[in-house]
1. Given the criterion part of a helix (DSSP H, G or I), in contact with a strand residue (DSSP E or B) (Cβ under 7 Å, 6 or more places away or on another chain) and more than 30 Å from residue 41 (Cβ to Cβ), identify the matching residue among 121, 181.
2. Given the condition exposed (fewer than 12 other Cβ atoms within 10 Å of the Cβ), modelled with pLDDT of 85 or more and over 26 Å from residue 151 (Cα atoms), answer yes or no: does some residue in the stretch 37-44 qualify?
3. Right, residue 52: surrounded by fewer than 14 Cβ atoms within 10 Å (Cβ to Cβ) and either within 20 Å of residue 110 (Cα to Cα) or more than 18 Å from the chain's Cα centre (by Cα) (or both) or not?
4. Would a scan of the stretch 85-93 turn up a residue that is crowded, with 16+ Cβ neighbours inside 10 Å, modelled with pLDDT under 90 and more than 16 Å from residue 204 (Cβ to Cβ)?
5. Looking at 115, 126, which is the one that is surrounded by fewer than 20 Cβ atoms within 10 Å (Cβ to Cβ) and outside any helix (DSSP H, G or I)?
6. List every residue pair whose Cβ atoms sit under 9 Å apart, with the two residues 6 or more apart in sequence or on different chains, where the first one lies in the stretch 121-140 and is more than 18 Å from residue 29 (Cα to Cα) and the second, anywhere, is assigned to a helix (DSSP H, G or I).
7. Looking at 78, 47, 34, can you tell me which residue is touching a strand residue (DSSP E or B) at 6+ places or on another chain (Cβ under 9 Å), crowded, with 16+ Cβ neighbours inside 10 Å and modelled with pLDDT under 90?
8. Kindly provide the set of residues from the stretch 181-203 that are under 20 Å from residue 68 (Cβ atoms) and at pLDDT 90 or above, ordered by number.
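The values are calculated or read from the model by the stated rules, or taken from the named source; none is laboratory data. For clarity, every value in this text was computed on a predicted model and none was experimentally measured. With ideal geometry, Cβ positions are generated from the backbone for all residues, glycine too; neighbour counts draw on all protein chains shown.
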């Protein structure tokens, strides 16, 4: 049975808090699970349009276009917006099965905390406390550092990662961008809860 990974008011809710998680595909964010086909949620044209909109988002990585990101533009239930990652079409165009081509490898839910980093950290700590009871077989690490999106080094991210021996895992973090940069790029900032496969973890860790 899927266990809902959702943030609602001040509670982090699981359908069965006493059940320990050994596979991130057991969880959902906004009703979406790792391993689902993105075609179950939108058309291929909508997927390709979404990929085009986010194609320059990860230029700080060594392989910025290895994977593609698509944001959901419909009415969110819990998070302000949700994004997923799939193989970039240029690397999967020879895959004949479209469901396989658009298999979801990562899901991320975000809630805005604009210029309110302290409130974001409070909510992050609440979620981490609950996840620590569920991901008991995962290695937990915490770190605060410069945000990869800001080459000036004036933006920060406060991150907690849970990683299984398989390399799959979850991340919960707050980002706080330098305000001039955030406004210039029309960026948001705040709380992120994500679950992702090993290959996405490795890709996001490989900065220039």
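1. So the residue among 121, 181 that is part of a helix (DSSP H, G or I), in contact with a strand residue (DSSP E or B) (Cβ under 7 Å, 6 or more places away or on another chain) and more than 30 Å from residue 41 (Cβ to Cβ) is 121.
2. For the stretch 37-44, residues exposed (fewer than 12 other Cβ atoms within 10 Å of the Cβ), modelled with pLDDT of 85 or more and over 26 Å from residue 151 (Cα atoms): present.
3. Judged against the criteria, residue 52 is a match.
4. So far as the stretch 85-93 goes, yes, one or more of its residues are crowded, with 16+ Cβ neighbours inside 10 Å, modelled with pLDDT under 90 and more than 16 Å from residue 204 (Cβ to Cβ).
5. Going through 115, 126 in turn, just one is surrounded by fewer than 20 Cβ atoms within 10 Å (Cβ to Cβ) and outside any helix (DSSP H, G or I): 115.
6. Hits for this filter: 138/131; 140/128; 140/131; 140/132.
7. Sole residue among the options that is touching a strand residue (DSSP E or B) at 6+ places or on another chain (Cβ under 9 Å), crowded, with 16+ Cβ neighbours inside 10 Å and modelled with pLDDT under 90: 78.
8. Answer for the stretch 181-203, where residues must be under 20 Å from residue 68 (Cβ atoms) and at pLDDT 90 or above: 192, 194, 195, 196, 197, 198, 199, 200, 201, 202, 203.
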